[in-house]
Amino acid sequence: MRYEGNIYRPPPEADAYILQCTVGCSYNKCTYCAMYKDVRYRVRPIEELKEDIQMAQKAIGSRVEKVFLSDGDAISLPTSMLLEILSELYSAFPKLNHVSTYAGPQSTLSKTQKELKQLRKAGLTMTYLGVESGSDEVLTAVRKGVTAEEMLEAGSNIVKSGIKLVAMVMIGLGGRGELSQIHAKKTAQLINQMKPYLLGVLTTVPIEGTVLFRQTVKGDFKLLDPYEVLEEIKILLEHINLQDLYVDGSHASNLLSIKGSLKENKTEMLASINKYLLNKDVELIGKAYVGQF
C-alpha cells in the first residue's frame, strides 16, 4: 500500500482499507478546511491503483470487508475509471461488502443519474457529502462553491441512485447573531428534503492555517459560545422531521456527544441539551475553542 500526503477518512471508516484514488481534493477552496493543503490535486493512474489493490490482497485480502476511496473527492473520477476500480476491489477481496467515498457537490452534480446507478450496481454503497449548511448566505461565505438548491440536488441524486448518503453539517458555521438561527433552520429544511441515510453533526472549529481561522483571529468571524452551540443543535433537531433519520453527533469537535435515531432518541437528545441550557456554567459563556482537533 502506498500513500502520499496526509490521509483522511470519516470516523465510521476506521476499520476500512483505504485506497488512495486521488491525491488531494478536486475543489479544496472551503474557508474552514485544512485538509490537503500540502499536496496538489491529481488522479492516480489506474495501473498504480491496481498494483495497490494486489498488494493489499496479498497482505490483508482475507480480512477486508470495507474499503474507503480517498482522498477528498474520489467521486470526481471518470465513471468508467470508478467502475474499473470497483470491479478490481470486489474481485480481490471475497468478503468485501462496503465501499464508500467522500463526494463533493460539484463532482456529484457532474454525474448523471444513470452513472450514479451504475456505481451503486457495481458496489459503491455509501458516500459522505459535506452539506455544511442549508443557507445560501453561509455557503457563499465559506466558499462552498454551490447554492443550497444545488447541494440539495447533489444529495438527492445520490439518494435516488440507491447509494446510502451520509450528510455532514457544521454547527456554528454561520457565526454569532441572526444568521445562527437561519443557518440551523435552513439546514434542517434542506435535510428534510434531501432525506439522507445518516446525518453527521460537527461543530465549527477554526483550524490554524485556514481562512476561517484568520477571520476568527481578526474578529471578522464570531464563534458561538458553548451554550450557543447547544442552542443551534437544539434548533436543528427540533426542525428535522425525518423519523427514521439516524443522527451521529459523536465527532470530537462536539461539546456534547449525541447519537441515535430521531424516532427513538429525539426526546432524549433534546432533554440532554436542555439540561445543560437550564443549568449554565457562567464561566463557559463567551469561551470558544480556536485551534486544532
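Of note:
- Here the relative contact order of the chain, from alpha carbon pairs under 8 Å that lie six or more residues apart, stands at 15 percent.
- Per-q log10 I(q)/I(0), segment 129-284, q = 0.10, 0.19, 0.21 Å⁻¹ (Debye; single scatterer per alpha-carbon; no solvent): -0.34, -1.22, -1.44
- The long axis of helix 46-60 is offset from the longest Cα principal axis of the chain by roughly 90 degrees.
- Cα centroid separation - segment 28-65 against segment 226-260, whole Å: 31 Å
- Where trypsin sites (Lys or Arg not before Pro) in DSSP loops with at most 15 other Cβ within 10 Å are excluded, longest remaining stretch of the chain: 177-279
- Within segment 1-124, DSSP assigns beta bridges of which about 20% are antiparallel (rounded to the nearest 5).
- The magnitude of the dipole of the chain, with charges of +1 and -1 set on the Cβ of Lys/Arg and Asp/Glu and taken from the Cα centre, is near 400 debye.
- All Cα-Cα separations within segment 1-124 were binned at 5 Å from zero, giving a P(r) of 2, 11, 22, 25, 21, 12, 5, 1, 0, each value a whole percent of the pairs.
- Our helix-only sum for the chain, with -39,500 (n - 2.57) per DSSP H run of n ≥ 4 divided by its residues, gives a mean residue ellipticity at 222 nm of -12500 deg cm²/dmol.
- Spherically averaged projected area of the chain from its Cα convex hull (nm²): 14.9 nm²
- In straight-distance terms, cross-link reach from Lys263 covers every one of the lysines whose alpha-carbon lies under 18 Å from its own, apart from those fewer than eight places away in the same chain; here that gives Lys195, Lys234.
- Filter on Lys111/Lys186; Lys50/Lys114; Lys160/Lys259; Lys58/Lys144; Lys164/Lys280; Lys117/Lys222 - keep pairs with C-alpha separation over 31 Å: Lys58/Lys144; Lys164/Lys280; Lys117/Lys222
- Secondary structure note: in the chain, about 20% of the DSSP beta bridges are antiparallel.
Bear in mind these aren't lab numbers, they're just calculated from the coordinates by the rules spelled out. For clarity, every value in this text was computed on a predicted model and none was experimentally measured. So basically every Cβ, Gly included, is an ideal-geometry build from the backbone, and we count neighbours across all protein chains shown.
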